[in-house]
1. Going through ALA347, ALA351 one at a time, which residue ends up being over 21 Å from LYS7 (Cβ atoms) and away from the ligand (no atom under 14 Å from the Cβ)?
2. Tally time: how many residues in the stretch 38-75 are away from the ligand (no atom under 16 Å from the Cβ), touching a residue at least 40 places away in the same chain (Cβ under 8 Å) and either in contact with a helix residue (DSSP H, G or I) (Cβ under 9 Å, 6 or more places away or on another chain) or of a type in the set (Gly, Ala, Ser) (or both)?
3. Of all residues in the stretch 136-174, which are open to solvent by less than 20 Å² (accessible area, probe 1.4 Å) and farther than 28 Å from ILE102 by Cα?
4. I need a count of the residues in the stretch 227-269 that are of a type in the set (Gly, Ala, Ser) and surrounded by 14 or more Cβ atoms within 10 Å (Cβ to Cβ).
5. Which residue out of GLY224, GLY283 is surrounded by 15 or more Cβ atoms within 10 Å (Cβ to Cβ) and either closer than 30 Å to GLY124 by Cβ or polar (S, T, N, Q) (or both)?
6. Could you go through the stretch 80-89 and let me know if any residue there is within 15 Å of the ligand (Cβ to nearest atom), touching a residue at least 12 places away in the same chain (Cβ under 8 Å), in a loop (DSSP other than H, G, I, E, B) and open to solvent by 20 Å² or more (accessible area, probe 1.4 Å).
7. Provide a single number: the residues in the stretch 369-401 that are free of Cβ contacts under 8 Å to residues at least 40 places away in the same chain, surrounded by fewer than 17 Cβ atoms within 10 Å (Cβ to Cβ) and under 10 Å from ALA337 (Cα atoms).
Amino acid sequence: MAMIELKRGRLTVPDDLELPYIEGDGIGPDITRATLRVLDACVHKVYNGKKSVKWVKLDAGEESFAKLGTYMPAETIDAIKRYRVAIKGPLTTPVGKGIRSINVLMRQTFGLYANVRPVRFFPGLPSPLKSPENVDITVVRENTEDVYAGIEFEKGSDGAKEIIKMMREKFKIEIGNDAGIGIKVITESASKRIMKYAVSYALDHRKNRITIMHKGNIMKFTEGAFMNWCYDVAKKELGPAMVTEQELTEKYGGRVPAGKVLVNDRIADNMLQQIITRPEDYGIIVAPNLNGDYVSDAIAAEVGGLGVAPGGNIGDDYAVFEAVHGSAPKYANKNVANPTSMILAGAMMFAHLGWKEAHDEIYNAVEKTMKEGSLTQDLARVLGTKALGTAEFADAVVKNI
Ligand code: NAP
């Protein structure tokens with residue numbers, strides 16, 4: 001068994017591949033089991049023994065805490081560094097107390113600056129939209145900063161008191177002494193890096209629309225600056241291939257000409273209503289961390305919900321693939337969770353490794369399975385049909401591979 005190497009910015013992927021996985025908390029073990037079975041069946045079918053994957057389990061999350069006293073052992077961090085690419089189930093983060101998010105920690109530790117969340121409709125899925133087939137939107141979310149950076153000070157803490165004092169004395173800004181304080185950081189370098197990623201993703205995936213989502217009318221020097229930096233990168237990277245919104249209407253009659261990419265922007269609240277009223281107008285949405293999180297869940301809801309949206313956390317050196325949703329603890333160990341999101345995350349991982357045929361095979365099998373009406377309870381309950389369990393849904397996908 002061999003491991004992935006990175007040579008001059010390119011991955012070298014051996015045919016007898018060893019890949020690590022984290023099961024995750026809550027529904028994590030159920031959906032991970034289902035996912036690995038589908039991925040194995042796919043590799044076996046597509047490559048007929050010429051390629052294989054040996055899965056290596058890594059400790060993390062609640063099970064790891066119970067066993068080893070830590071939610072993220074140093075060995076797991078070291079292993080992901082060695083393997084470079086991993087797939088993970090969702091990990092629980094308590095709200096308003098306790099540990100910081102392990103997901104955020106991983107994104108920061110491995111420099112996974114791009115959170116890529118492609119969401120598309122599969123025929124047969126329930127949707128609140130009239131024409132859900134128009135939804136084919138990839139969210140490219142900045143993954144390392146914004147209010148997610150974890151720079152927060154609890155009410156009454158030394159840090160909060162110090163900041164309140166400094167604001168009062170230096171800037172004549174009054175903040176109540178009972179305030180918890182969080183700091184929003186948006187840098188030029190991270191904004192430009194994510195837009196560069198979004199442009200290259202658009203070119204690689206033949207997407208001709210990139211929309212910058214921001215709340216720059218209110219947060220001028222963070223989200224407004226994000227928009228400006230993104231436009232700077234688009235102009236530089238695309239040159240004459242970039243089309244503005246004004247050119248689109250005045251010169252091109254509303255249609256993006258072949259070989260060109262429309263780059264526009266939307267204020268966050270408008271963006272959230274536009275993805276419902278005119279999803280066909282959007283191809284890639286590039287967004288700072290918090291906006292990107294909100295908008296991708298909202299788009300997922302248009303095509304059946306969180307159970308069907310995959311995600312990749314991608315950096316220059318490492319990549320970790322996962323479901324967009326969380327650990328849904330109420331469904332833990334009940335064999336009812338929908339594993340599609342993680343299965344498709346596995347497909348994204350194969351595409352990242354250059355195993356494009358395996359990616360396509362998984363998407364085709366999932367599409368066929370859903371068209372047949374084989375669905376888990378999250379989707380079946382909306383249609384009033386009989387639901388399959390997590391494992392039985394995986395069986396149905398495997399049968400369609
Ligand atoms: P969630 O786990 O995504 O679940 C929210 C709801 O979405 C569920 O109650 C369920 O809806 C539906 N759902 C999500 N995944 C599903 C699936 N695979 N199959 C069927 N239904 C599914 O969100 P949450 O309750 O806000 O978060 C729970 C924990 O997960 C938190 O600790 C959070 O921090 C963590 N989290 C982790 C990640 C990650 O690891 N990357 C991401 C997000 C959240 P119904 O109740 O309508 O059936």
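The values are calculated or read from the model by the stated rules, or taken from the named source; none is laboratory data. In this text, all values refer to a predicted model and were calculated from it rather than measured experimentally. Cβ sites come from the backbone with ideal geometry, for glycine too, and all protein chains shown count toward neighbours. Ligands, DNA and RNA are excluded from the accessible area calculation, which covers all protein heavy atoms including side chains. Shrake-Rupley method; radii C 1.70, N 1.55, O 1.52, S 1.80 Å.
1. Testing whether each residue is over 21 Å from LYS7 (Cβ atoms) and away from the ligand (no atom under 14 Å from the Cβ) leaves just ALA347.
2. 8
3. ILE164 - this is the single residue of the stretch 136-174 that is open to solvent by less than 20 Å² (accessible area, probe 1.4 Å) and farther than 28 Å from ILE102 by Cα.
4. Adding up the residues that qualify gives 3.
5. Residue meeting the stated conditions: GLY283.
6. no
7. So the answer is 0.
For (1) among the charged types (D, E, K, R); (2) under 18 Å from GLU322 (Cβ atoms); (3) surrounded by 18 or more Cβ atoms within 10 Å (Cβ to Cβ), each residue gets a yes or a no:
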site	(1), (2), (3)
ARG8	yes, no, no
VAL13	no, no, yes
ILE22	no, yes, yes
LEU58	no, yes, yes
